[in-house]
Amino acid sequence: MTAEAEERSWQRDDATFKERALRVSRRAFDWAKRAPGWIGEHRPFRHGFSSLTRRIVAQPALQKYHPDEFKPGPEYQDDEGLARAAGDIGTTIFHPIGTCKMGDDPMAVVDDRLRLRGIGALRVVDASIMPTITSGNTCSPVIMIAEKAADMIREDARS
């Protein structure tokens, strides 16, 4: 396969991924569905990348450390099996943020007091109002968002 054909294949895979990942229901009480397809569509798995770690660890310079494979295990030998195991074992530290724009423009989901537009008694108090992800864990920023929201709720109740 030429480099140009490979790139077109990769772009086609990206389009398929986006189409699948963006499927949504129009019913409000349906569970959100996501199909990220990280492993199945990832180019390195098509080129033997999944066995690279084994080749590196097998080098004589590392033998003094007695490396033993814990996961996925020696029963997975071919790239297809390794890719499947990576999909079964792998996970992500997924911190969804930025899904509820805050502001006063038509695209904003919440106002500057975290009230959901159109439903003033409902507030969004989580990482979804953060415009960008922090360089660390999202827990502390969300705690501060909650503290500020509690203050705003108390202020609004007094007025």
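The values are calculated or read from the model by the stated rules, or taken from the named source; none is laboratory data. As the structure is a computational prediction, the values presented were derived from the model and not from experiment. All Cβ positions, even for glycine, are placed from backbone atoms using ideal geometry, and neighbour counts span all protein chains on display. When the accessible area is computed, the model is the full protein with side chains, heavy atoms only, and any ligands, DNA or RNA have been set aside. Shrake-Rupley method; radii C 1.70, N 1.55, O 1.52, S 1.80 Å.
Just the residues that are free of Cβ contacts under 8 Å to residues at least 24 places away in the same chain and hydrophobic (A, V, I, L, M, F, W, C), please, taken from the stretch 118-144.
Ile119, Ala121, Leu122, Cys139, Val142, Ile143, Met144
Residues Glu69, Glu80: which one is modelled with pLDDT of 60 or more, farther than 30 Å from Thr99 by Cβ and open to solvent by less than 90 Å² (accessible area, probe 1.4 Å)?
Of the residues listed, the single one that is modelled with pLDDT of 60 or more, farther than 30 Å from Thr99 by Cβ and open to solvent by less than 90 Å² (accessible area, probe 1.4 Å) is Glu69.
Identify, by number, the condition in (1) farther than 30 Å from Lys71 by Cβ; (2) open to solvent by 40 Å² or more (accessible area, probe 1.4 Å); (3) in a loop (DSSP other than H, G, I, E, B) that His95 doesn't meet.
Looking at each condition in turn, His95 falls short on (1).
Of all the residues that make up the stretch 116-136, how many are closer than 23 Å to Ala157 by Cβ and part of a loop (DSSP other than H, G, I, E, B)?
5
Within the stretch 101-115, which residues are under 19 Å from Arg154 (Cβ atoms) and open to solvent by 100 Å² or more (accessible area, probe 1.4 Å)?
Hit for the stretch 101-115 is Asp112, nothing else.
So how many residues does the stretch 147-159 have that are open to solvent by less than 40 Å² (accessible area, probe 1.4 Å) and either under 19 Å from Ile97 (Cα atoms) or touching a helix residue (DSSP H, G or I) at 6+ places or on another chain (Cβ under 7 Å) (or both)?
1
Sort out which residues of the stretch 116-144 are open to solvent by 70 Å² or more (accessible area, probe 1.4 Å) and not aliphatic (A, V, I, L, M), and write them in order of number.
Answer for the stretch 116-144, where residues must be open to solvent by 70 Å² or more (accessible area, probe 1.4 Å) and not aliphatic (A, V, I, L, M): Arg117, Gly118, Pro131, Thr132, Ser135, Asn137, Cys139, Ser140.
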